[in-house]
Amino acid sequence: MMLLTCFTTFALVGLLAAAPTSNNDDDLLITTEFFIKDFVKYQADHDIVQILVPLNSLNFNEDDSSSSESKESDTEIIIFFVEADVQPDGSYIDQGLYVLKEGKAKKLLDNGRDAAASGDSSRKVFFGAKDGLYVYNPATNSAEKYGTIIDSIIGIAKEKEGDVIYILTEGREVYKVSDNGEKKELLDDVVKAKQIVLDYENNLYFYGDDGKPYVRTTEGVKRVEGLPEVSGKVTLVKPPIFLENGVPYIASNKVYLLYANGTSQRTHMEFQHDGLPTAFAPETALIQYYAHDKKIYEYNILALLISTVLEDISDYLNQKANEIRTIASNHESLKRKIKT
């Protein structure tokens, strides 16, 4: 039962934002047993190092008159992912950026490295690649060059609305890109970043060589406090839809929440070393995707809630029914905002 509790708690990443804790007795350990064969959505030939679920009209179509059980229950969500060969030193050898649509994967870019999408009524998805920026064309299911940027990009983040994009270059400089990809402005207060993530209030989180996270707001850059000394790999994770001014952060296999005011909180989740995903996509909260051992796993929380196949899991989820309904309500509110 503890394993199933770990499983459902990880799948309900959004609940971590609602009830963080610093009590180590409450920690839940995620192991490799969390990755269940029945939940495999895609099998890759290489490591999967990025996953994106667009939270705009590409997935939540404003012309879709069906109820909340449409996209979420039939799981026909369009996702983008990046494959790479991870080297012993942590560097990547590019193996392509793909779209997974209607159960079929298509490579869009041989040298694509990251993807980001708006959170408004548009259908735009942007890609960072070795030779610059690209944008997704839904009509042709292809990637097209965007703007005049030719930098070698290793990370990308998109503001919720408008055309502002942030890119992290191979030279570890961060630029603000606007005017349809024609204007590029160096953020000289973001120094030697190794990863960038935006929250839904367009605050920029990053870390450098020492793994210590910082946040850049309209008031400038500040270091996030309240964290232990960093050891080993660290990761910033794109936040679930209702965590507006914060992002998850993983250090020493433990999960924390970082906030735009420079504070942090420890959650009750911890990963076994072999149980740490290679990519995370908890954005929609109700359907989440995680990569592990060259596979993408899909976790449909509403389906698990009514499942009779995994009785212990459904029992646990029913205990969390009120929290899940709150998540679902917030999810519907987001979709209504997207449509307006």
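The largest accessible area among Thr140, Thr169 belongs to the first residue in Thr140, Thr169, and the rest follow in falling order (1.4 Å probe, all chains). The largest accessible area among Ser252, Ser57 belongs to the first residue in Ser252, Ser57, and the rest follow in falling order (1.4 Å probe, all chains). Between the range 206-239 and the range 92-141, how far is it from one alpha carbon centroid to the other, in angstrom? So the two Cα centres are separated by 26 Å.
Paramagnetic label reach from Glu76 (point 7 Å along Cα→Cβ; backbone nitrogen cut-off under 19 Å): within the range 41-63, residues 41-42, 53-63.
The loop-placed trypsin sites (Lys or Arg not before Pro) in the range 156-257, going by DSSP, that have at most 13 neighbouring Cβ atoms within 10 Å of their Cβ come out as Lys192, Lys233.
Carbon and sulfur together cover what percent of the accessible area of the range 200-276 at a 1.4 Å probe radius?
Result for the range 200-276: 43 percent of the exposed heavy-atom area is carbon or sulfur.
Split the accessible area of the range 88-170 by element, probe 1.4 Å, and carbon with sulfur accounts for 48%.
Here the dipole of the range 165-204 is about 180 debye; that uses its Cα centre as origin and unit charges on the Cβ of Lys and Arg (positive) and Asp and Glu (negative).
Database remark: amide H of Ser142 closer than 5 angstrom to the amide H of Asn137 (H placed geometrically; neighbours at sequence offset of 5 or more, or on other chains; Pro and chain starts carry no H).
The values are calculated or read from the model by the stated rules, or taken from the named source; none is laboratory data. Only a predicted model underlies this, so the values are computations on that prediction, with no experimental measurement involved. Positions of Cβ are generated from backbone atoms using ideal geometry, with glycine treated the same way; all protein chains shown enter the neighbour counts. All accessible areas refer to the heavy atoms of the entire protein, side chains included, with ligands and DNA or RNA removed. Shrake-Rupley method; radii C 1.70, N 1.55, O 1.52, S 1.80 Å.
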